[in-house]
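Notes for the one structure printed next.
The values are calculated or read from the model by the stated rules, or taken from the named source; none is laboratory data. Since the structure is predicted, the reported quantities are computational estimates derived from the model, not experimental observations. For neighbour counting, all protein chains shown are included, and Cβ atoms are generated from backbone atoms with ideal geometry for every residue, glycine included.
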Amino acid sequence: MQPLTSSLIGQLVELASVGFTRSDFARFVDGQGWPERDDRFETDSGHRLVPAVPLGDWDDRQPSFHLPFCYFDPSEEAEDGPLGDEFHELSEFEGWDVLASDTATPFFEGWQQGCEVVSGALGQPELTLTMQTQPEAWHFAAWRVGSVAVVVAQGEEFSSYGELSMAAVWLVQQAPDAPLPADGAAFYSWLLGED
């Protein structure tokens, strides 16, 4: 777990208001001093901002970005360390604590803390949802910043092929008058750009 800070959330809100075109984004990350590394951008806080479309395939506008801040190992072997010692060698998790527990309580608390930091900048969320999954439910909270939905979401962690879960702040292009999905499963599909 790598806690969010109000200054990082302020930077993400600024990005949401700048726009997701290649040129606008390049100016933003240059201004922040966030270097690119393996199709991700290293923030000053040690978090990584991940674009939905890899940089080489990015023609004009990104649909979304996500910034993980909490990882959770829901497996029965969690007490031995996330996915064993070999997984610790992945640079994605360098310097991170991966929550390992026989309950999902620490993972839920990590998500709640993320929501509190975002709420400090944007007020109460427009919507909160739960999606029932096994072994732990996933939770979502969403705010609007112009044509971008700012979401604090639990879900699968992509580089571990679904072995870990993560909580992340998402920035998703969404017209201000377009409704957000009101069902947990539909919301998660929308978040991933699957609908």
**OP:** Please work out which one of (1) surrounded by fewer than 23 Cβ atoms within 10 Å (Cβ to Cβ); (2) in contact (Cβ under 8 Å) with a residue 60 or more places away in the chain; (3) hydroxyl-bearing (Ser, Thr, Tyr) is the condition Tyr161 fails and give its number.
**Re:** (2)
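If I filter region 14-25 down to residues being within 19 Å of the chain's Cα centre (by Cα) and of a type outside the set (Gly, Ala, Ser), which single residue comes out as surrounded by the fewest Cβ atoms within 10 Å (Cβ to Cβ)?
Here the answer is Glu14.
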Original post:
Which of (1) surrounded by fewer than 20 Cβ atoms within 10 Å (Cβ to Cβ); (2) in contact (Cβ under 8 Å) with a residue 60 or more places away in the chain; (3) farther than 17 Å from Ala52 by Cα is the odd one out, the single condition Thr128 does not satisfy?
Top reply: (2)
**OP:** Filter region 68-91 down to residues that are modelled with pLDDT under 80 and within 17 Å of Ala153 (Cα to Cα) and give me whichever is surrounded by the most Cβ atoms within 10 Å (Cβ to Cβ).
**Re:** Asp73
Subject >> Criterion: under 24 Å from Ala175 (Cα atoms), modelled with pLDDT of 90 or more and surrounded by fewer than 19 Cβ atoms within 10 Å (Cβ to Cβ) - qualifying residue of Phe65, Phe28 >> reply: Phe28
Subject >> Which numbered condition Gly46 fails, given (1) at pLDDT 90 or above; (2) on the phi > 0 side of the Ramachandran plot; (3) of a type in the set (Gly, Ala, Ser) >> reply: (1)
Original post:
So, of the residues in region 163-175 that are at pLDDT below 90 and not aliphatic (A, V, I, L, M), which turns out to be farthest from the chain's Cα centre (by Cα)?
Top reply: Glu163
